[in-house]
1. For residue 167 and residue 60, what does the FRET efficiency come to when R0 = 30 Å and r is the distance between their Cβ atoms, rounded to the nearest 0.05?
2. When the solvent-accessible surface of protein heavy atoms is calculated with a 1.4 angstrom probe, in what order do 75, 294 fall, highest first?
3. Rolling a 1.4 angstrom probe over the protein heavy atoms, how many square angstrom per residue are accessible across the range 344-460?
4. Which percent of the accessible area of the range 288-351 is formed by carbon and sulfur heavy atoms (probe 1.4 angstrom)?
5. Out of the total accessible area of the range 102-145 (probe 1.4 Å, heavy atoms of protein only), what percent is carbon and sulfur?
6. Could you give the nm distance between label points at residue 238 and residue 142, where each point is 7 Å from its Cα heading toward the beta carbon?
7. List the relative contact order of the range 197-339 as a percent without decimals, with contacts defined as Cα pairs under 8 Å and 6+ residues apart.
8. What lysines sit close enough to residue 84 to cross-link, taking a C-alpha to C-alpha distance under 16 Å and skipping anything fewer than 8 places away on the same chain?
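The values are calculated or read from the model by the stated rules, or taken from the named source; none is laboratory data. Since the model is a prediction, treat every value here as computed from it, not as a measurement. Here Cβ is always computed from backbone atoms with ideal geometry, including for glycine, and neighbour counts include all displayed protein chains. Ligands, DNA and RNA are stripped out before the accessible areas are found, and what is left, the full protein with its side chains, is counted by its heavy atoms. Shrake-Rupley method; radii C 1.70, N 1.55, O 1.52, S 1.80 Å.
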Amino acid sequence: MKAEVLVTLTAAVLGYLCLANQRDFDKTEASAGEEVFTSKKTSAREDDAITEYQDMMLDDEEKFQLALEQANRLVDLVGLAEKKYRVQAGDDASLRLLIEKMARLFPAQSLDYYEVCPTDGLQNREMHEAILVKWADFDFKACMAYLRSKPALFNRNFCEQWDRLADQSFKSHPQECVDVFAGFSAELQRELIEKTHMDEKFQEAVLAVIKEPALVGKVKERLMDREREEVEARKKMLDEVDTVWQKETEPRELSQTDEWKEAWKKEWPDPAVIVNAIRSLPSQKERREMLDWVAKPRKNPNGFIAENPQAWLARISEVLRNAGDVPLSALEFHWSELQPYREVLAGWLPQQSPALQRVWAESVVRFQPPEESFAWAEKLATESLRHDMRDVAWERRVANSAKEAAAALMTQATPEEREMHLPAAVYGWAMRDYAAAKQWLDAQPESEARRQALQRIEDP
């Protein structure tokens, strides 16, 4: 509909401009030079009018589609990619159309550009990968010839590239893949057979073009072994299904812990009853698993937590204090339920045993703001646990905001923490803005952490 309106309005503007131009000509009887000037001026007015109406009538996506249709030079396509990626990266339909056009018109040039352009490492890698995959789909032979001339692209050697691209292309272009494999040397054929994960159908298809007789025999033997393994696996699966079916038809006897769980779901007993029950279990693993179940917040039949944090803590605190053991694993909450439980746990856990702190401390630190995490970690019982929780806090800070984490590490971290986390922080920053990250790192004082960070971004 927008397109029809645009066409109608454009036609009206052009008609008006043509009529106005004719009237001006009749009135002034302009010279030939003036006529050329008037024609250029009118053409410019026409272009301005069309552009103005396009800006009014088309949304951003339609403007992008129009620009993509008109872009037939690599520089124009790269510019559109930069613009589109900044606005909406990832699995975007328009970006996929742009990648497809680059792979059709300028595949090798596009890959060369994204291989060396250092402005945005993450975008470069994603665009490079996407164009490469699309080119392999369009022209597998040309794509493989290009990769053979490039010993390492983003630290991937040819075998690794073949592993990623050949099996997928074989599904749509089997004969082309076989022809490409046939053109390789005997040494490269052997390397691809032995070092990649070509599936059975692909290996069977290339048997006739393998140049080394000994390798042919080896591949045939391997295919026969895999066929036997598949037959045995199917038989084993059928036997297991039959065994499970037979067990399900037999009366099921509940274990002692299952009986307790069924009973306690209906009515929660006194903490002393729970403690005595857990202490009676024969193995530590069973006791800790039962404590895991006891410590989880109660849920309603729909699977949502139906116990508020204060009631939860009152229910489990005496059991954990007297059970003589600790739960097996950390607490896990859905993000929508997390905050109130984390706040209650943060206030209660520092007064508990070092063993329980060790199991549950990460449940607090993992989801706190970094500054709060560092302050809270100082309340924990042992130096090793405080050290470990600071590491967790730094890891989270680096993952969430690499640039800010790099600056904070230089002023707030210990030398050991800087050595451990600064390389990852600078690398994460450099993947988005290599020039800025490199400039910042060069300005930092000499240290082992700086040396390792520089090595990480220069040789990732």
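1. 0.20
2. 75, 294
3. Per-residue accessible area for the range 344-460 comes out at 48 Å².
4. On the range 288-351, the fraction of accessible area on carbon and sulfur atoms equals 52 percent.
5. 59
6. 5.0
7. Numbers: 61 pairs, mean separation 27.3, N = 143.
The value is 19 percent.
8. Within the straight-line cut-off, residue 84 pairs with 63, 101.
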